[in-house]
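Student: First the structure, then my questions, so here it is.
The values are calculated or read from the model by the stated rules, or taken from the named source; none is laboratory data. The structure displayed is predicted, hence computed values, not measured ones. A quick note on method: Cβ atoms are made from the backbone with ideal geometry, for glycine too, and the neighbour counts reach across all protein chains shown.
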Amino acid sequence: MTVGIVVFPGSNCDRDVRWALEGCVGLPTRFLWHEDRDLSGLDAVVIPGGFSYGDYLRCGAIARFAPVLESLREFAQAGGAVLGICNGFQVLTELGLLPGALTRNAKLHFLCEPTGLRVQPGLCRWLQGYAHDEQIVLPIAHGEGRYQCDPQQLAELEANGQVVLRYASNPNGSVGDVAGLTNATGNVLGLMPHPERACDPVTGGLDGHRLLASLKR
């Protein structure tokens with residue numbers, strides 16, 4: 001199994017994801033420059049955190065037009081496993097692979113801290129290593145992580161089991177305490193917390209390890 005890691009101008013967590021996947025989980029990776037279109041030979045693709053294209057319009061708004069994401073859309077629609085972390089979650093919403101939008105945190109401050117989460121895996125492929133309602137801790141690092149959608153859409157997401165990660169103590173004002181969403185078929189996951197920073201017992205705990213290791217199941 002090989003995992004592709006998308007690299008935009010402005011990505012800053014691509015090497016963190018590679019370190020976690022190769023060094024902690026034991027899966028080979030391949031960097032995908034934003035102009036690449038070839039996803040052949042890949043079993044999963046990760047869009048890492050950072051500031052794609054500098055986030056000069058809004059987070060993920062320019063990245064959605066990257067050639068690599070044209071191929072990623074087809075990859076996801078064919079059932080390929082896709083993970084968007086932080087800026088990657090923002091990109092997935094801009095691309096339309098996940099609903100809603102990520103906006104400025106409620107108090108307009110950048111947040112960087114360990115955060116308690118409640119996991120409700122449902123059909124999400126990436127979360128099958130966790131128990132229903134399991135409590136975990138992952139670090140967040142974002143200024144625009146406040147999830148927004150209209151009440152009817154939120155009710156539909158909850159009814160479909162697509163809200164798979166919730167904040168135990170909402171740090172950014174996200175509606176419904178949403179920290180992570182999956183698509184209807186469970187192969188695409190977007191989340192604001194950083195699982196790649198919780199794959200080592202010394203530096204950040206191991207609560208993120210099972211998420212990335214789910215690819216080996």
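Student: May I ask you to verify whether GLU35 is of a type in the set (Asp, Glu) and under 26 Å from LEU154 (Cα atoms)?
Tutor: No; evaluated as a whole, the condition is false for this residue.
Student: Still on this structure: Only residues that are in a helix (DSSP H, G or I) and of a type in the set (Val, Ile, Thr): list them for the stretch 1-44, please.
Tutor: Once the filter is applied, which keeps residues that are in a helix (DSSP H, G or I) and of a type in the set (Val, Ile, Thr), the stretch 1-44 yields VAL17, VAL25.
Student: A further question on this structure: Pairs only if they're at least six apart or on different chains, beta carbon under 6 angstrom, first in the stretch 131-143 and at positive phi, second aromatic (Phe, Trp, Tyr) and buried (at least 21 other Cβ atoms within 10 Å of the Cβ); list them, first residue then second.
Tutor: Sorted first by the residue in the stretch 131-143, then by its partner, the list stays empty.
Student: Pairs only if they're at least six apart or on different chains, beta carbon under 9 angstrom, first in the stretch 4-16 and on the phi > 0 side of the Ramachandran plot, second in a loop (DSSP other than H, G, I, E, B); list them, first residue then second.
Tutor: GLY10/PHE51
Student: From the set of residues in the stretch 155-187 that are of a type in the set (A, V, I, L, M, F, W, C) and touching a Phe, Trp or Tyr at 6+ places or on another chain (Cβ under 9 Å), which is surrounded by the fewest Cβ atoms within 10 Å (Cβ to Cβ)?
Tutor: My answer is VAL175.
Student: So which residues in the stretch 71-102 are surrounded by 24 or more Cβ atoms within 10 Å (Cβ to Cβ), touching a strand residue (DSSP E or B) at 6+ places or on another chain (Cβ under 6 Å) and of a type in the set (Val, Ile, Thr), if there are any at all?
Tutor: Across the stretch 71-102, the qualifying residues are VAL82, VAL91.
Student: Would you say VAL68 is of a type in the set (Val, Ile, Thr), farther than 25 Å from ARG210 by Cβ and touching a strand residue (DSSP E or B) at 6+ places or on another chain (Cβ under 6 Å)?
Tutor: Criteria met by VAL68.
Student: Quickly run through the stretch 188-212 and pick out the residues that are over 27 Å from ARG104 (Cα atoms) and buried (at least 20 other Cβ atoms within 10 Å of the Cβ).
Tutor: CYS199, HIS209, ARG210, LEU212
Student: Which of the residues that make up the stretch 27-41 are farther than 29 Å from TYR56 by Cβ and either free of Cβ contacts under 8 Å to residues at least 12 places away in the same chain or in contact with a helix residue (DSSP H, G or I) (Cβ under 8 Å, 6 or more places away or on another chain) (or both)?
Tutor: LEU27, PRO28, SER40
Student: Okay, next question. Can you name every residue in the stretch 68-121 that is outside any strand (DSSP E or B) and farther than 21 Å from ASN187 by Cα?
Tutor: Those that are outside any strand (DSSP E or B) and farther than 21 Å from ASN187 by Cα: ARG104, ASN105, ALA106, LYS107, LEU108, HIS109, PHE110.
Student: Something else now. Would you call GLN128 surrounded by fewer than 20 Cβ atoms within 10 Å (Cβ to Cβ) and touching a helix residue (DSSP H, G or I) at 6+ places or on another chain (Cβ under 7 Å)?
Tutor: Yes, satisfied.
Student: Next question, about the same structure. Please go through the stretch 186-205 and give me each residue that is assigned to a loop (DSSP other than H, G, I, E, B) and at pLDDT 95 or above, ordered by number.
Tutor: GLY186, ASN187, MET192, PRO193, HIS194, ALA198, CYS199
Student: Still on this structure, I have one more. Of everything in the stretch 1-22 that's at pLDDT below 95 and out of contact with any Ser or Thr (no Cβ under 6 Å at 6 or more places or on another chain), which residue is nearest to VAL188 (Cα to Cα)?
Tutor: Here the residue is MET1.
Student: While we're looking at this one, here's another question. Give me the pairs: first residue in the stretch 196-208 and on the phi > 0 side of the Ramachandran plot, second residue not hydroxyl-bearing (Ser, Thr, Tyr), beta-carbon distance under 6 Å, and six or more apart or on different chains, which are they?
Tutor: Listed by first residue and then by second, the contacts come to GLY205/ALA198.
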